[in-house]
Amino acid sequence: MSADSGHLRRRSSTGLSELSRVEALVLSRSSVAQSLALPLPRPLPYQRLTLPDTMQQYYRARAAEYDLFYQAPERLSELTLLQAWLIERTRGLNILEVAAGTGYWTEIAAPFARAVTATDLNAETLEIAATRRLGQHVSLRTADAYSLPHSTTIFDVGMAHLWWSHVKRQKRKSFLSHFASRLRPAATLLMIDQFYVDGFTSPISREDRWGNQYTIRKLKDGRTYEIIKNFPRPGEPEETFNEICTNISVLRLKHFWALSAQVRD
């Protein structure tokens, strides 16, 4: 292991040692956080826009500036907790990751996992992921989250972070079933995503007839995109995953939520 990897291990281990204290604090105020985060925003008046609306186009264009999301001071304490949460649930296991993007979460799990296969539709984001200290046991592959290739690897864990909010509500069941089909029986599903926080999260521009929410994103070069960004309704993660999962546990913070569940045999 390199000196840099050792540094990451020490940093992450520190996060684990603090997990019980921090998690206790978070859980003690969970009702407060839930009341702050769960109410959904009212969509802005609908305006028909001649903008690209595909996630692939947006994240390809955003690749170089995507990691700025993780540098916002308001998110840092929660991200520290979520890193420890993820390490605890991936240690020593084979992981299949979809929508890995620039590899932020891949790098957190990599020093502790047995192996990681991280996939994303965009080569541009995976090129950035390849510059991280991931190790020889991590492979990066371009793949569509809705059409994942078969693998001879037996995956213990499937994870997708900051992806669930981009899945259309009418496609959630088929995506989960497909994702689970690439994992071993009784595998673990892990997902981290966002809550809407008024005044901090990008406002919702409109809703469609399925209840999908959209938001307008502007890049530094001025390009503008409208993308799907669904925020959970109260109790929705548990309800949605219940069809194919058991042992569903959801950690609710202010900016983020994290779900752990076991795929039904």
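For this structure, a couple of remarks:
- Strands (runs of 3 or more DSSP E) wholly inside region 161-265 that include at least 1 residues being within 20 Å of Leu148 (Cβ to Cβ) and among the small types (Gly, Ala, Ser): 256-263
For every residue, the table says whether it meets (1) open to solvent by 60 Å² or more (accessible area, probe 1.4 Å); (2) among the acidic types (Asp, Glu); (3) modelled with pLDDT of 95 or more.
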| residue | (1), (2), (3) |
| --- | --- |
| Ala84 | no, no, yes |
| Glu97 | no, yes, yes |
| Trp105 | no, no, yes |
| Thr119 | no, no, yes |
| Glu124 | yes, yes, no |
| Ser151 | no, no, no |
| Asp156 | no, yes, yes |
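- Residue list for region 121-137, restricted to those being touching a helix residue (DSSP H, G or I) at 6+ places or on another chain (Cβ under 7 Å) and more than 16 Å from Pro111 (Cβ to Cβ): Leu121, Asn122, Glu124, Thr125, Ile128
- Set side by side, the residues Arg217, Arg252 differ, and just one is of a type in the set (Lys, Arg), open to solvent by 20 Å² or more (accessible area, probe 1.4 Å) and either within 25 Å of Leu86 (Cα to Cα) or within 15 Å of the chain's Cα centre (by Cα) (or both), which is Arg252.
- Cβ pairs under 6 Å, 6+ apart, first in region 234-249 and in contact (Cβ under 8 Å) with a residue 12 or more places away in the chain and open to solvent by 30 Å² or more (accessible area, probe 1.4 Å), second part of a strand (DSSP E or B) and among the polar types (S, T, N, Q): Thr246/Gln262; Asn247/Gln262; Ser249/Ser260
Let's see how each residue does on (1) β-branched (Val, Ile, Thr); (2) under 21 Å from Glu243 (Cα atoms); (3) under 15 Å from the mean Cα position of the chain (by Cα); (4) buried (at least 20 other Cβ atoms within 10 Å of the Cβ):
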residue: Ala130; (1), (2), (3), (4): no, no, no, no
residue: Gln136; (1), (2), (3), (4): no, no, no, no
residue: Leu140; (1), (2), (3), (4): no, no, no, yes
residue: Leu190; (1), (2), (3), (4): no, yes, yes, yes
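- Filtering Arg209, Arg172, Arg184 for residues that are under 18 Å from the mean Cα position of the chain (by Cα) and modelled with pLDDT of 95 or more leaves a single hit, Arg172.
- Condition met for Arg62 (touching a residue at least 60 places away in the same chain (Cβ under 8 Å) and of a type in the set (Lys, Arg)): yes
- Scanning region 136-155 for residues that are closer than 20 Å to Asn122 by Cα, assigned to a loop (DSSP other than H, G, I, E, B) and without any contact (Cβ under 8 Å) to a residue 24 or more places away in the chain yields one hit, Pro149.
- Residue count, region 194-206 (criterion: charged (D, E, K, R) and buried (at least 16 other Cβ atoms within 10 Å of the Cβ)): 1
The values are calculated or read from the model by the stated rules, or taken from the named source; none is laboratory data. Since the model is a prediction, treat every value here as computed from it, not as a measurement. Every residue, glycine among them, receives a Cβ derived from its backbone with ideal geometry; neighbour counts consider all protein chains shown. Quick note on the areas: whole protein, heavy atoms, side chains included, nothing else; ligands and nucleic acids left out. Shrake-Rupley method; radii C 1.70, N 1.55, O 1.52, S 1.80 Å.
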